[in-house]
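For reference, the structure discussed in these notes is given below.
The values are calculated or read from the model by the stated rules, or taken from the named source; none is laboratory data. Keep in mind that this is a model prediction, so the values were computed, not measured. Note: ideal-geometry Cβ built from the backbone for every residue, glycine included; neighbour counts use all protein chains shown.
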């Protein structure tokens with residue numbers, strides 16, 4: 001049999017808020033209905049009520065047990081996710097659930113430039129909010145100092161001692177409490193967790209803060225693993241793309257070699273770059289001559305990559321610039337140089 005929060009609170013003689021806090025921290029197990037309401041097993045409530053005479057000792061013992069269970073469960077959940085998007089959502093879900101808060105932002109920190117880049121911001125239901133633009137921590141000296149000291153901090157909107165820059169942002173978005181937890185990996189601050197409560201100012205228990213710090217440590221390791229996995233995956237993709245792209249380049253080189261004028265050689269090289277590579281546009285120049293070719297749907301993308309190469313010819317430097325679709329990897333840079341060298345040889349053979 002399962003009890004509601006209100007009924008469990010009456011059985012134990014505590015407030016409903018205390019029950020919610022216990023369930024959020026893992027001290028008291030609970031399940032959720034389809035509508036998101038907490039339900040607690042009657043056996044767990046009876047155990048607490050029956051041992052009330054030894055309440056302090058029981059609370060400490062059970063809290064430690066629940067804390068270990070929470071950390072083990074969280075560790076398995078995070079380390080089993082290598083996709084960055086899924087991992088970020090799981091980190092946010094764990095933090096908002098354990099601390100009974102409303103939002104969690106996960107950011108990446110560049111210590112050299114003191115820049116913070118928000119990787120994702122989720123609400124407690126797992127909905128991803130609009131991404132923030134990167135920002136300098138020089139504008140947030142309190143958080144910058146926190147990253148250096150690698151200490152967590154709680155900021156409440158009504159605290160007159162709180163950093164005014166942080167509270168101004170909180171007022172703008174209607175937040176009451178903010179928990180800042182640096183992500184530390186191998187002794188370096190690599191990111192930040194920001195956990196927000198929109199309804200009330202918080203006085204987190206020592207167990208909640210201990211769990212937050214431990215979860216941040218797990219999150220930092222999991223994020224580094226996800227980055228390594230993404231890098232290796234891109235390398236595998238490059239390895240799979242290279243043979244096919246190289247075949248297309250080799251097949252198109254005779255057209256470049258057959259050019260009878262500099263203009264023809266430049267146009268043939270630009271056409272080959274767009275056909276053989278994932279090129280959106282290709283521009284090839286040599287002296288005063290210039291050729292530009294666009295593929296279907298090419299041009300104008302702010303997230304596009306660029307591959308470029310330059311080689312000397314008897315008529316001046318030959319330069320090729322290829323605008324590529326995002327995610328093209330490192331393969332096109334080497335092939336762009338191959339195309340440029342072929343065009344150079346064709347031009348140098350011309351009378």
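The combined condition, being at pLDDT 85 or above, surrounded by 15 or more Cβ atoms within 10 Å (Cβ to Cβ) and out of contact with any strand residue (DSSP E or B) (no Cβ under 7 Å at 6 or more places or on another chain), is fulfilled by residue 218. Those strands (runs of 3 or more DSSP E) of region 226-320 in which 3 or more residues are over 15 Å from residue 344 (Cβ atoms) and at pLDDT below 90 occupy 279-286, 305-313.
Can you tell me which residue among 151, 139, 208 is modelled with pLDDT under 95, more than 15 Å from the chain's Cα centre (by Cα) and buried (at least 17 other Cβ atoms within 10 Å of the Cβ)?
Values: 151 fails: buried (at least 17 other Cβ atoms within 10 Å of the Cβ); 139 fails: buried (at least 17 other Cβ atoms within 10 Å of the Cβ).
When all the criteria are applied, what remains is 208.
Scanning region 90-116 for residues that are in contact with a strand residue (DSSP E or B) (Cβ under 6 Å, 6 or more places away or on another chain) and assigned to a helix (DSSP H, G or I) returns 91, 92, 95, 96, 99.
Pairing each residue of region 101-115 that is over 18 Å from residue 179 (Cβ atoms) with any residue that is in a loop (DSSP other than H, G, I, E, B) and at pLDDT below 95, provided the two are 6+ apart or on different chains, yields C-beta distances under 7 Å for 115/134.
Going by the structure shown, is residue 179 in contact with a helix residue (DSSP H, G or I) (Cβ under 6 Å, 6 or more places away or on another chain), within 23 Å of residue 217 (Cα to Cα) and at pLDDT 90 or above? I'd like the intermediate steps shown before the answer.
Values: in contact with a helix residue (DSSP H, G or I) (Cβ under 6 Å, 6 or more places away or on another chain): no; within 23 Å of residue 217 (Cα to Cα): yes; at pLDDT 90 or above: yes.
No, not satisfied.
Among the residues of region 79-91, those that are more than 9 Å from the chain's Cα centre (by Cα) and either surrounded by fewer than 21 Cβ atoms within 10 Å (Cβ to Cβ) or not assigned by TED's automatic domain parsing to the domain that holds residue 193 (or both) comprise 79, 80, 81, 82, 83, 86, 89, 90. Is it true that residue 94 is buried (at least 16 other Cβ atoms within 10 Å of the Cβ), in the same structural domain as residue 122 (by TED's automatic domain parsing) and modelled with pLDDT of 85 or more? When the stated conditions are applied, residue 94 passes them. Residues in region 322-336 that are over 12 Å from residue 277 (Cβ atoms) and either modelled with pLDDT of 85 or more or part of a strand (DSSP E or B) (or both): 0 in all.
For region 26-47, the set of residues classified as part of a loop (DSSP other than H, G, I, E, B), in contact with a helix residue (DSSP H, G or I) (Cβ under 7 Å, 6 or more places away or on another chain) and either farther than 18 Å from residue 69 by Cα or without any contact (Cβ under 8 Å) to a residue 40 or more places away in the chain (or both) consists of 28, 29, 30, listed by residue number.
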